[in-house]
Amino acid sequence: MQKITISEVAQATGGKILSGNPQDSFDCIGKDSRAVKQGMFYIAIKGENFDGNKYADSAMKNGAMGCLVSENIESEKPVVLVDDTIKALGQLAKYYRNKFDIPYVGITGSVGKTTTKDMIACALSAKLNVMKTQGNCNNHIGLPLTLLSLDDCHEIGVTEMGMSGFGEIEYLASLVEPETAVYTNIGLSHIEKLGSRENILKAKSEMLNHLKKDGTVVLCGDDDLLLSLAKDLKHKCITYGIENKNCDYTADNIRQSGETEMEFTIHCSEGDFQGRIPVLGDHNVNNALAAFIVARKYGVEPNDILSALSMFQPGAMRQNIVKTNGITLINDCYNSSPSSVQAGLKTLRQITGTR
């Protein structure tokens, strides 16, 4: 993270400096008073069941150089007062993001967002220095903190955007302003709030409102709703799929190799390419197709992409293969939805040969 002054924090957030030197600066930011690093700037997040303002004083005693609060506190260190620290965090992230003239990729969908994000970052890293969302920190707090991790070395940003209702993707996309928008699928996650897959698509489509005018939409053509979205897009659209052979990028000859790998053939206008990924399941082949497309857009050579993806490692509790006492365990329990359970059961049938 580049250094930011207290004066810049106040400027970006419209906050009031209560104490300290406005020219003091920091290059580390956090919201957990229990994990304070020396010189960190503490954000006092206030939620329904907790109030970070109560821990601002202890955070500074433990080494924080200053804090952003929504309640008046007394300190000799820098303190910036705002009405809403969550809103101010987003404003600060937007201000900081604009310091970096690099492209951003936004990823959303009902399931598979995090794995697709990680595969895209993996493929891009064959050529570029990538900043990516850590884990699934994809909400109104996690994504701003991700943007605030940008540094001079980064050449591209890969950001995941999650939601549970209308307006959330709109907000996140307004912070990122992506050049490329990736859609994995439209499933049933959050249907209890939105009522239908059509409404889920509408909510996910909010990212398009902030996509660069010359931006690109990359979407899975195996999904009926996403395919219908492609017809009305004003942006360039690239489709991928393993079932819909009319997509721009397709894969076939999909087969399990050994106990933990999938092999497949990619078909596109550039030719045919043999791919291999060290994770199981047809759905992960689709994720790899999305990564291949995005990496090609940013100039990574096909063989370099495939080499990088062959060494991909999934995140914790995302289809991790564990062997113990002659038993093979598939740990895929990070999150769940009807679509992800269905994909997991299909993968299990493939492994056991009981299709």
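Just a few scattered comments:
- Filter pass, C122 being out of contact with any Cys (no Cβ under 8 Å at 6 or more places or on another chain) and over 28 Å from G275 (Cβ atoms): no
Let's see how each residue does on (1) at pLDDT 95 or above; (2) touching a helix residue (DSSP H, G or I) at 6+ places or on another chain (Cβ under 6 Å):
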| site | (1), (2) |
| --- | --- |
| G221 | yes, yes |
| L233 | no, no |
| A251 | yes, yes |
| S257 | no, no |
| F264 | yes, yes |
| S269 | yes, no |
| G299 | yes, no |
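- Within the range 89-113, the set of residues being touching a strand residue (DSSP E or B) at 6+ places or on another chain (Cβ under 6 Å) and part of a helix (DSSP H, G or I) comprises L89, K113.
- Residue within the range 156-175 that is of a type in the set (D, E), in contact with a helix residue (DSSP H, G or I) (Cβ under 8 Å, 6 or more places away or on another chain), crowded, with 18+ Cβ neighbours inside 10 Å and farther than 28 Å from I4 by Cα present: no
- Counting only helices (runs of 4 or more DSSP H) that sit completely within the range 136-234, those holding 1 or more residues that are under 20 Å from A93 (Cα atoms) and β-branched (V, I, T) correspond to 142-147, 168-176.
- Candidate set: the range 274-297, residues that are part of a helix (DSSP H, G or I) and among the charged types (D, E, K, R); chosen: the one surrounded by the most Cβ atoms within 10 Å (Cβ to Cβ): D282
- The set of residues from the range 49-97 being within 18 Å of D27 (Cβ to Cβ) and not hydrophobic (A, V, I, L, M, F, W, C) comprises N62, G63, G66, K77, P78, Y95, Y96, R97.
- Residue match in the range 48-55 (condition: among the basic types (K, R), surrounded by 18 or more Cβ atoms within 10 Å (Cβ to Cβ) and not assigned by TED's automatic domain parsing to the domain that holds Y298): no
- Residue in the range 176-195 that is modelled with pLDDT of 95 or more, surrounded by fewer than 21 Cβ atoms within 10 Å (Cβ to Cβ) and assigned by TED's automatic domain parsing to the domain that holds V285 present: yes
The values are calculated or read from the model by the stated rules, or taken from the named source; none is laboratory data. What you are looking at is a predicted structure, and each value in this text was computed from that prediction instead of being measured. Every residue, glycine among them, receives a Cβ derived from its backbone with ideal geometry; neighbour counts consider all protein chains shown.
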